[in-house]
Amino acid sequence: MAGVTSASTSAPTTTSVHVTALDGIVNANSLFSIAVFVGLSLTTPNQQSLGNNTACNAGVDMVRKLVVFEVVSFSFFLFSSLVAQGLKLAINLLNSKDVDEAFRSHINLKVLRLGMLGSATGSVMGCLFLMLSMVNVIQIRLGLLSCGSKSAIHAVAALIILVSSALVVYISTAYYAFLH
């Protein structure tokens, strides 16, 4: 991590807060990654929906989209986690050089903030693609939205409203913390 330390652009800072925040990102990404694999395991081609209308069953193209969205989602979560783990590693290695100040090190704050922004962006993008994949899982299991399946429409609406609201709170909080 060239650029993590620099005498001219860094200042001593409490890094335990940063490590804790990075731990939170990695833990959340781990849970979301499990959801990706659960979504993949519950879906098979030519699966019949729980509705009565066989014309409203999802086709192979829906399963292909699901796999693509799941892989892209997993990729963003993996990117986010690896960036966060890299930052944590750099902070911990730098802290180990100064045994008198266990929670303080000279960190290039621009690199740290950029890395945290990249990690947060990866998590948000992973959540968006996970949400898209869940819409496909719902359509495969409950019937296509275009057929007007009430249970599918209600499930998708709840998913979009709740996940979008949570992402707005997450992005707003991260933006506020990034600026202050």
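Computed values, structure above
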item	result
Per-region count, the stretch 111-156, residues assigned to a helix (DSSP H, G or I) and farther than 28 Å from Phe79 by Cβ	11
Evaluation of Arg113 against (1) modelled with pLDDT of 85 or more; (2) more than 23 Å from Ile34 (Cα to Cα); (3) surrounded by fewer than 19 Cβ atoms within 10 Å (Cβ to Cβ) (one fails), failing number	(1)
Count of residues meeting criterion [in contact (Cβ under 8 Å) with a residue 60 or more places away in the chain, among the β-branched types (Val, Ile, Thr) and farther than 19 Å from Ala166 by Cα] in the stretch 16-31	1
Among residues of the stretch 18-62, those that are closer than 30 Å to Ala120 by Cα and either at pLDDT 75 or above or in a helix (DSSP H, G or I) (or both), counted	25
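The values are calculated or read from the model by the stated rules, or taken from the named source; none is laboratory data. This one's a predicted model, so the numbers in the text were calculated from it and none came from an experiment. Methodologically, a virtual Cβ is constructed for each residue, glycine included, from the backbone with ideal geometry; neighbour enumeration extends over all protein chains shown.
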